[in-house]
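The values are calculated or read from the model by the stated rules, or taken from the named source; none is laboratory data. Quantities reported herein were computed from a predicted structural model and do not represent experimental measurements. Cβ placement follows ideal geometry from the backbone for every residue including glycine, while neighbour counts extend to all protein chains displayed.
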Amino acid sequence: MPLQHKSPETIYRGQEAYVRIDAQAFQEHGEVKITGEPIIADEVVKKVNRNGFEITYLTYLVDLFDKLGGKKYTVFKYILAHKSAENTLIITTRELAEKTSTSTKTVVETLKLLEDSGLISRRTGAIMLLPKLAHRGSDRREAYLMQKFVEFDDGEQTED
């Protein structure tokens, strides 16, 4: 059935049937045995305006969590929790180590990993988070922050 539009924000995709199967019969014999009556439901996709919501891209994060562990994750979590509306955190390496109860070596390694992954950009005393990773606001706000991120990245680089 072709997609039908009920409104610009809602897409009707037809009906779906859901059934309950006997899990024990399936596990023991590989037999699919339907139990009870099927449930028929309309499949509707509702588009949601993202104004005011913080967008977090999990694909970036899942890959990052594989690389980060323990104390490094604590540093990253602090950056996410304390960034400004402009996606920046004004803090030195030493201050970040103190706030997260980690060593400056751990902070430097974490920041290097995040920077090499393209998830942050750094200047002396400042960190800016990639807006595609997390930001609060609309698509236009994300585009604005991406431009700021590029400008921030083109600025003065930090020394490790």
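Condition first: touching a Leu at 6+ places or on another chain (Cβ under 8 Å) and aliphatic (A, V, I, L, M). Now tell me which residues in segment 129-145 satisfy that.
LEU129, LEU130, LEU133, ALA134
Go through (1) farther than 20 Å from PRO131 by Cβ; (2) modelled with pLDDT of 85 or more and name the single condition HIS82 misses.
Only one criterion in (1) farther than 20 Å from PRO131 by Cβ; (2) modelled with pLDDT of 85 or more is unmet by HIS82, namely (1).
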